[in-house]
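Below: the structure, in structure tokens.
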Amino acid sequence: MRALLKPLCIGTLLLVGGLSMGSTYAQETPAPERERPDSLTIMTYNVLYATPDSATIRAIRAANPDIVGLQEISEPRLRRVARELGYYFYHNGDHEASGAHDTGLLSRYPISRPTRYGATIYLTVNDPIHVANVHLAAYPYQPYKLRDDELNPEEAVAEARMTRLPQIQPVLESLKKPLEKGAPVFLMGDFNEPSHLDWTSEAAKAGMHLGLQVSWPTSRTIMRQGFRDAYRQVHPDEVERPGATWTTLQNDTSEVHDRIDIIYVAGEGVDVAGAYTIGLRDQRPTDLAVRGYPSDHRSVVATVALGDESEE
């Protein structure tokens, strides 16, 4: 059973500066005792620059998440959304894996330890979870080059490797210690690259993804570190449930639809109990429709069961 929390209770908080230009409502340490939740709802959401905050807030409320990784969001906008929803927040966009310096976190739990790529959040005094949120390079976008016959699959993999591996590798390095300890770790964001779990031979035979099988390197690199793809854990059939998040636009026949917004999970006892997408229209690949959904990306929500408490 999840304990009742009172986010943004200023009497128990310290407003501190984050790394570089980031800022956060962070709890003074040590964290007070609270009941440990048996599950968490995690959301990744590219909100799209200059869209209405009211619509963004409506989409987040529909998911009722405990932790949200946001992309394409400024610090002032993140602050406004956090205050409206009653979440703690941290804007941490100044790093390699956020080329536009536009990533931020919302959390129902106090953000006790901001990090370069996200935060360590203590569910209880001795029970940390580790969260990283990324917005990898959008260009060059290899699926479009494949569509336009500018690259073959091998060339696309090579170019993707040069584009995004230098961005994701330091993030993975920063998570190495908690991964080794088996602590709950969540890596989410807009990866701007499809998954190798989607561009498979089965999908190609079904006429999906330009009829090509492509072994995309970023997803393979992440999963080699022990991460699991939350959506694919729940929906393993990439043909039946493609789960495309880019783009929400449906009428452009030249568009390449892909699942580039992903939640990865790791940790002893961490189990994915559910995963779905949120968008504008109540039809697949949108699982939950929200009136006036503003973004050109569908958001992804995962519910994860937690294992036993672990000492950091």
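The values are calculated or read from the model by the stated rules, or taken from the named source; none is laboratory data. Computed from a prediction, not measured in an experiment: that's the story for all the values here. Quick reminder, even Gly has a Cβ in these numbers, built from the backbone with ideal geometry, and neighbours come from all protein chains shown. Heavy atoms of the whole protein, side chains included, go into the accessibility calculation; ligands, DNA and RNA do not. Shrake-Rupley method; radii C 1.70, N 1.55, O 1.52, S 1.80 Å.
What the table shows:
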{"item": "Å³ per residue enclosed by the Cα convex hull of the stretch 68-227", "result": "125 Å³"}
{"item": "Reciprocal of mean inverse Cα separation for the stretch 186-263 (Kirkwood radius, Å)", "result": "12.9 Å"}
{"item": "Separation of the THR120 and GLU155 label points, Cα + 7 Å toward Cβ, nm", "result": "4.6 nm"}
{"item": "Positive minus negative residues near PHE89 (Lys, Arg vs Asp, Glu; Cβ under 13 Å)", "result": "+3"}
{"item": "Nearest-20 debye value, the stretch 214-312 charge dipole, Cβ charges on Lys, Arg, Asp, Glu", "result": "400 debye"}
{"item": "Protein accessible area in the chain, 1.4 Å probe - carbon and sulfur %", "result": "51 percent"}
{"item": "Modelled FRET efficiency - R0 30 Å, ASP148 with ASP237, Cβ distances, 0.05 increments", "result": "0.55"}
{"item": "Residues of the stretch 212-263: accessible area per residue with a 1.4 Å probe, Å²", "result": "43 Å²"}
{"item": "Residue-averaged 222 nm ellipticity for the chain, from DSSP H runs of 4+ at -39500 (n - 2.57), nearest 500", "result": "-7000 deg cm²/dmol"}
{"item": "Fully extended contour minus Cα-Cα distance, from ARG58 to GLN169, at 0.36 nm per residue", "result": "36.6 nm"}
{"item": "Share of pairwise Cα separations in the stretch 253-312, more than 16 Å, in percent", "result": "57 percent"}
{"item": "On Cα atoms only, tilt of 75-85 relative to the major axis of the chain in degrees", "result": "70 degrees"}
{"item": "Whole-number Å³ per residue for the convex hull built on Cα positions in the stretch 133-259", "result": "108 Å³"}
{"item": "Estimated distance in nm for a label pair at TYR139 and LYS205, the labels positioned 7 Å out from Cα along Cα-to-Cβ", "result": "3.8 nm"}
{"item": "Pair-distance profile P(r), taking every C-alpha pair of the chain, with 10 angstrom steps and integer %", "result": "6, 29, 37, 21, 6, 1"}
{"item": "Accessible area per residue, Å², the stretch 78-151 with all protein chains present, probe 1.4 Å", "result": "32 Å²"}
{"item": "Label-point separation, ASP252 to LEU212 (7 Å along Cα→Cβ), nm", "result": "1.7 nm"}
